[in-house]
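Quick notes on the structure that follows.
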Amino acid sequence: MKINIIKRTLSFLIAGLLTLSLISCAGSDTSEDTQSGISGETVSGSTETAQPEIPVKTDKQISDEAIAAILESDFGGDNVIIVTSNDDTVLPEDTVNVVNRKRYERLNVLENKFNFTFVRRELTDNAMYNGARNAYNSELYYADLMYTSPSQLYRYQSNSMAANIGTLPFVMLDAPYFDKASMEQASADGMIYAAIGESNMNADNLAGVFFNKEILVQLTDEDIYGRVYDKTWTLEYMTLLSKAAAYTDGIATGLRGTLTDLTADNFIDNIYFSANGHNVSAGSGMLPLYTPFDEAAQLCADGVYDLMYNKNGFTRANNARARFEAGESLFLVTSLSEKNDIAYDSFNWGILPLPLYTEGGDYRTFKDNALPVTVVLSSTPDLTRSGILLEGVNAAMYGYVKEAYFDECMYEIVRDNDTLNMIDIIIDGAQASFAHMFGAGTANLDDCTYLAVRNTVKTARNLEYYNNRGTQINELLTEEFDR
């Protein structure tokens, strides 16, 4: 069954016409119909007229209406401080890029509405935490919003420094500009420790699989995009193609099957997460629950090992993109940002999401440290102001930034409509992970989740070894998160 995705090249062009069409039809008369009753008898002569269709709101309309609905408030020309360890997502340094200009344009809407000026302070995660801790201990103002790496969230949780996002005024958690699934992963026992939404998203920092169409056509005449739509684009199939590119009858062809410029650990994290998902069940209404590795998890780890180490033409190199551009590899696993340079090459290429492990599953993309989460310090003097700002920055980005991103892709970068759809799948499948965000703060949680998979792939060790070490994890999670 194919995924029902509208081609991006058409969707932007017809959106306005569709809205106008719906509006023009809203007041039109409808003819009297003959209907079937519940018993199956024919009911005729109904005097009721059909209700007019309500036009579907665009993402940008939702954005504008959400900002308009926020309480009118004058910040008196104050500076609003955002501290960030990420230099290319919120208030990015590069303002030449069309997508980043759109980010600033939308933030200017908030500055004008509430009469303030955003001030960006870029610090390392460690410097940010130390400054926030000192302010917390002294009950002083530090920042209105803090954007930190996900793996640092445990530090704010374990020291009670993170405000509950779920109780901040004006934050509409059910709004589409917040990533509810990821925020559940940042939650436990009534607390939401971080906000994750449109202001945390930079699609260029997500990982995808670039492929050389010219090499692929020599290996198979199968439609690889069709496999993605049919949900049969799996780790096993990617490994099969990778090996076929690198070896013929056991003899090296001189090509690589898969290149990456991600670290080995980050590559494993991304491939395993996309194929197998979470090791911890989490949510604001529950205590986190560790899920031991099962047979499927072991087979998935074996599959990652097979792709990387079982003579399938895998290479990790800092110059992976250059080598891919030179035609040396079928696949390149890297961040979507690399498309901006590859766009100017003459060879034919495309992009795929990270593969599934089981056919028919849902495509997932790992929100790792390249995409920040938003923390509000619990000692912040004016949490109402932080709530207004958190709602505002996420609502402001919704629709506008993604449209700018796809416009740039469509008109300047990608070679085919399917690749646009692949990027859409990658973005829609992006999720955060509880174990990644809190693992270092709970004894054995890191060891028995991400580190376990990495070590298993690198050493071909059995995951059952880590299950035996992780028998006390749920007790530790209860002790850490029970409020």
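Q472 versus (1) of a type in the set (S, T, N, Q); (2) surrounded by 18 or more Cβ atoms within 10 Å (Cβ to Cβ); (3) within 26 Å of E184 (Cβ to Cβ); (4) not assigned by TED's automatic domain parsing to the domain that holds N112: which is the lone unmet condition? Among (1) of a type in the set (S, T, N, Q); (2) surrounded by 18 or more Cβ atoms within 10 Å (Cβ to Cβ); (3) within 26 Å of E184 (Cβ to Cβ); (4) not assigned by TED's automatic domain parsing to the domain that holds N112, the lone unmet condition for Q472 is (2). Of all residue pairs spaced 6 or more apart or on separate chains, those with beta-carbon atoms under 8 Å, a first member in segment 434-453 that is in contact (Cβ under 8 Å) with a residue 12 or more places away in the chain and within 13 Å of D265 (Cβ to Cβ) and a second member that is in a loop (DSSP other than H, G, I, E, B) and aromatic (F, W, Y) are A452/F293.
Residues in segment 214-239 that are touching a residue at least 12 places away in the same chain (Cβ under 8 Å) and among the aliphatic types (A, V, I, L, M) were compared, and the one that is farthest from F331 (Cα to Cα) is V228.
Considering only residues that are in a helix (DSSP H, G or I) and more than 13 Å from R256 (Cβ to Cβ), which ones fall in segment 301-327? Correct list: A301, D302, G303, V304, Y305, D306, Y309. For A195, only one of the following conditions fails: (1) assigned by TED's automatic domain parsing to the domain that holds F314; (2) over 12 Å from L356 (Cα atoms); (3) crowded, with 22+ Cβ neighbours inside 10 Å. What is its number? Tallying (1) assigned by TED's automatic domain parsing to the domain that holds F314; (2) over 12 Å from L356 (Cα atoms); (3) crowded, with 22+ Cβ neighbours inside 10 Å, A195 fails exactly one: (1).
Checking each residue in segment 426-453 for being surrounded by fewer than 21 Cβ atoms within 10 Å (Cβ to Cβ) and at pLDDT 95 or above picks out I427, D428, G429, Q431.
Cβ separations smaller than 6 Å between residues 6+ apart or across chains give the following pairs from segment 316-343 residues that are in the same structural domain as N212 (by TED's automatic domain parsing) to residues that are surrounded by fewer than 16 Cβ atoms within 10 Å (Cβ to Cβ): R316/A264; E325/D345. Taking helices (runs of 4 or more DSSP H) as the structural unit, those lying wholly within segment 376-461 and holding at least 2 residues that are farther than 21 Å from S160 by Cα correspond to 383-397, 400-408, 417-428, 450-459. Inspection of segment 371-380 finds a residue satisfying the criterion of being at pLDDT 95 or above, polar (S, T, N, Q) and buried (at least 21 other Cβ atoms within 10 Å of the Cβ). If I ask for residues that are over 13 Å from S329 (Cα atoms), in a helix (DSSP H, G or I) and over 23 Å from the mean Cα position of the chain (by Cα), which ones from segment 240-274 would you list? Listed by number, the list holds a single entry, L240.
Screening N79 on (1) touching a Ser or Thr at 6+ places or on another chain (Cβ under 6 Å); (2) crowded, with 19+ Cβ neighbours inside 10 Å shows it passes everything except condition (2).
Only residues that are over 22 Å from I426 (Cβ atoms), surrounded by 16 or more Cβ atoms within 10 Å (Cβ to Cβ) and among the hydroxyl-bearing types (S, T, Y) were counted in segment 209-256, giving 1.
The values are calculated or read from the model by the stated rules, or taken from the named source; none is laboratory data. These figures come from a predicted structure and were not determined experimentally. Glycine gets a Cβ as well: all are built from the backbone with ideal geometry, and neighbour counts include every protein chain shown.
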